Each structure stands twice: as C-alpha cells, then as structure tokens.
Amino acid sequence: MGVAAIESLIEVLRATPSSTAMETVEVVRKEKAKLLASTPNPLPLLAGADLFEQYLLRSLRGPTAEGSTGSSASDRVLSFEQTRQHLLDNKQLFAQRAKMARDNIALWGSRYVSDGRIVLTAGGSRTVTKILLRAAADPSKHFKVIYVVDGRNRRSDVAVAQLRAAGLEVETISPHKVAYVLANQKQINLVLVGTEVVMQNGGIISGMGTAQLAHLTKTVKGGIRRFYVAAETHKICRKTPIAYPMVNRVGVRQKDVSKFDNIGVDPAPDDAAALLAEQDEVDYTDPELIDGFITEQGVKMASAIWEMVDVYL
C-alpha cells in the first residue's frame with residue numbers, strides 16, 4: 001500500500017498545476033491527509049506518503065532550485081519544473097524499486113533457511129514467499145514449511161499453493177496448534193513473517209496473531225528458534241506506540257479491546273463501517289521479540305531501525 005500511496009500522490013501532482021515548490025508541497029500534503037483519512041489502517045499509506053514527501057523535499061532543495069550564487073530567476077524556475085517533471089515521468093520507478101527490494105530481500109533471506117530444517121510462517125506475505133521460493137531453488141537445501149492458516153486469510157492460501165507448486169513440502173496448522181507444534185517439532189529453527197508496517201522503534205504492526213506467534217517463539221521450550229521479519233525499507237513508519245491500546249494510539253481504527261465491554265461484542269453497524277473488519281485487524285509486536293529484519297539493505301537488528309529512519313526517510 002505504501003507504493004500505491006506514492007503513485008496516487010504522483011497522479012495528483014500530474015492533475016494539479018503548481019508554479020512554485022511550496023505550492024507543490026502543499027498539494028502533496030493535502031492529498032496525503034485525504035489518503036490517510038480514507039482507511040481504518042492508514043499506517044502503510046503513511047509510510048509510503050512520508051517517504052515520497054521527504055524525497056520531494058530533498059529534490060526541491062537542490063542547489064539550483066534553492067538559487068545558488070550567480071543563478072538567475074529563470075534558472076530556478078527551470079530547475080523546479082525539471083524536478084516536478086522528473087517525478088511525473090518516473091511514476092513506475094517506485095513500483096520497480098519495490099519489486100527489486102523484494103528480490104534483494106529474497107536473496108538475503110534465503111541464506112537464513114537451513115538445509116534439513118523447518119520454517120514456520122504465517123500471514124501470506126509475498127516477501128516471505130519470495131524468500132522461501134528462492135531458498136527452494138537452491139539444490140543444496142532441502143527444507144520443509146509449516147504454514148499457520150486460519151481459513152479467512154486468502155493470501156495464506158495463495159502462498160501455500162505457490163510453495164507446493166514449487167515442490168516444497170508444506171503442512172498447514174490452525175493458530176491454536178502453534179504452541180503445541182513449537183514444543184514438539186524440534187526441526188523448526190526459523191519463524192518468518194512479513195509485516196504491514198515497521199515502527200521507528202523496531203516494533204511491527206501486522207496481521208492479528210503475529211504478536212502471539214512472536215511470544216510463543218520466544219517462550220515455548222523445545223529448541224533454538226529465531227523470529228525474523230521480512231520487510232522493505234519503504235514500510236518504515238515515523239511512529240512509535242507508547243501505551244496501550246497500542247495500534248489505536250498510532251492511528252489504526254479497530255475495535256478497542258482494552259475496554260472490557262468491547263471484548264466479544266460486535267460494534268454497531270454505524271461504528272463498524274469506520275473500523276477494520278475483523279479479518280483485517282492488526283496487532284503490535286514488540287521489538288524485544290524480534291531477532292532481526294531482513295531488508296533489501298541486509299539483515300538489521302530491531303535497534304537499527306532508528307538509524308534507518310534517518311537514512312531512508
């Protein structure tokens with residue numbers, strides 16, 4: 001969704017004439033606010049929109065656009081127009097970079113898949129699927145996959161079908177069997193998930209059940225396992241949950257179960273329209289539960305996300 005937000009902002013720039021850098025920035029910020037207000041979970045869009053806004057500001061602050069010594073007013077206007085046109089002409093570049101990011105993540109991540117072992121995964125992440133398919137293409141590795149499926153996430157069903165079509169042995173389990181399987185299947189050494197958003201403190205907001213899977217990976221006895229998250233750097237978001245209910249406090253609109261009366265109760269129809277559907281709800285996984293992030297820039301510790309915010313955003 002982050003890339004979709006970038007493409008949407010570029011299309012708005014294309015349709016909205018502007019003659020100055022400030023007008024251009026204002027157009028982007030207004031459209032960004034509309035995008036974020038249009039969905040109960042604005043965080044994936046926010047990550048992409050922030051990235052584009054920072055890219056736009058850096059482009060417009062170029063020496064010529066700012067007006068270097070000896071440059072004329074016409075040079076400055078030309079530089080602004082060139083910058084704006086460059087953004088409009090390169091809409092597809094952001095989508096291509098996202099695809100390249102997944103390819104690079106697959107390269108890095110496949111190294112963490114061990115011969116003769118089992119990978120446990122969930123969520124239907126395309127990035128995780130790419131990692132497993134890349135590892136499966138290595139003739140020196142023979143591994144198996146256990147996929148957690150809940151019967152509602154169609155992405156998981158698609159991922160399982162893709163992995164089986166590639167010749168991988170894939171077994172599926174329901175969420176309530178995760179602890180039992182972790183305790184008894186000693187060959188599991190890697191738990192691998194994707195994410196919707198990486199928070200700047202190194203935590204993640206992803207599909208409901210991800211936090212539970214991370215907790216079980218760390219607490220259930222039965223072998224040495226690592227919990228890794230596959231994520232493109234454009235999913236890093238400049239927000240940090242600081243108190244419960246964590247996802248609600250960073251802008252996600254879903255049923256607030258910190259209030260007892262909301263637990264097990266369906267919201268009123270008028271309220272439900274503004275909230276995430278139950279099958280789309282998300283939870284927050286603390287960075288202390290994450291052993292590392294597999295990104296297109298390599299494998300990073302959760303503590304390194306702070307630095308990546310400054311570098312990439």
Counting other Cβ atoms within 10 Å, which trypsin sites (Lys or Arg not before Pro) in region 213-299 have at most 10 and lie in a DSSP loop?
Lys221, Lys259
Relative to the chain, whose Cα atoms define the longest principal axis, helix 73-89 and its Cα axis are tilted in degrees, nearest 10, by 30
Which whole-number percentage describes the relative contact order of the chain, with Cα contacts under 8 Å and a sequence gap of 6 or more?
19
Region 122-128 - phi-based ³J(HN,Hα) in whole Hz, Karplus 6.51/-1.76/1.60, Gly and Pro as x:
7, x, x, 5, 5, 5, 5
Dipole magnitude of region 122-182 about its Cα centre (Cβ charges: Lys, Arg +1; Asp, Glu -1), debye to nearest 20
200
Out-of-range pairs (alpha-carbon distance over 24 Å; input Lys99/Lys144; Lys144/Lys186; Lys34/Lys130)
Lys99/Lys144; Lys34/Lys130
Using the Cα centre of the chain as the reference point, and only Cβ charges (+1 on K/R, -1 on D/E), how large is the resulting charge dipole? Debye, rounded to the nearest 20.
840
Using only the Cα atoms of the chain, build the gyration tensor, take square roots of its eigenvalues as a ≥ b ≥ c, and label the shape rounded, prolate or oblate: rounded if a/c is under 1.5, else prolate if a/b is larger than b/c, else oblate.
prolate
Under 5 Å from the placed amide H of Leu276, counting only residues 5+ away or on other chains, we find Arg253, Gln254, Lys255
Please list, in chain and number order, the residues 5+ apart from Ile188 or on another chain whose amide H is under 5 Å from its amide H, with Hs placed from the backbone.
Ile118
By how many degrees, 0 to 90 and rounded to 10, does the Cα axis of helix 43-60 deviate from the longest principal axis of the chain?
30
Rounded, prolate or oblate for region 207-313? Axes are the square roots of the Cα gyration tensor eigenvalues, ordered a ≥ b ≥ c, and the cut-off for rounded is a/c under 1.5.
oblate
Once amide H atoms are placed 1.01 Å from N in the peptide plane, what residues at a sequence separation of 5 or more from Thr172, or on another chain, have their amide H within under 5 Å of its amide H?
Tyr147
Starting from the Cα of Arg154, step 7 Å along the direction of its Cβ; do the same at His86; then give the gap between the two resulting points in nm.
4.1
Which listed residue (Thr285, Leu133, Gly48) has the Cα farthest towards the positive end of the charge dipole for the chain, taking +1 on Lys and Arg C-beta and -1 on Asp and Glu C-beta about the Cα centre?
Leu133
Leaving ligands, DNA and RNA out of it, work out the accessible area of Trp108 with a 1.4 Å probe and give it in Å² to the nearest 10.
90
For the chain, what proportion of DSSP beta bridges, expressed in % and rounded to the nearest 5, is antiparallel?
25
From the phi angles alone, apply the Karplus equation (6.51, -1.76, 1.60; θ = phi - 60°) to region 107-118 and give each ³J(HN,Hα) in whole Hz, x where the residue is Gly or Pro.
5, 5, x, 4, 5, 8, 8, 9, 5, x, 10, 10
Residue (of Leu213, Val252, Trp108) at the positive-pole extreme of region 99-312, dipole from beta-carbon charges:
Trp108
Cα centroid distance between region 1-28 and region 218-267, in Å?
31
Just read off the accessible area of His234 with the full protein assembly in place, 1.4 Å probe, to the nearest 10 Å².
30
Given a Förster distance of 41 Å, report the FRET efficiency between Ala272 and Lys221 from their Cβ-Cβ distance, rounded to the nearest 0.05.
0.50
Karplus-derived 3J(HN,Hα) from phi for region 35-40 (6.51 cos²θ - 1.76 cosθ + 1.60, θ = phi - 60°), whole Hz, x at Gly and Pro, runs 4, 5, 7, 8, 9, x
For Val28, solvent-accessible area (1.4 Å; no DNA, RNA or ligand), Å²:
0
With a 1.4 Å probe and all protein chains kept in place, how do Arg126, Arg84, Arg134 rank by accessible area, largest first?
Arg126, Arg134, Arg84
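The values are calculated or read from the model by the stated rules, or taken from the named source; none is laboratory data. These figures come from a predicted structure and were not determined experimentally. So basically every Cβ, Gly included, is an ideal-geometry build from the backbone, and we count neighbours across all protein chains shown. These accessible areas exclude ligands, DNA and RNA; they are computed on the full protein's heavy atoms, side chains included. Shrake-Rupley method; radii C 1.70, N 1.55, O 1.52, S 1.80 Å.
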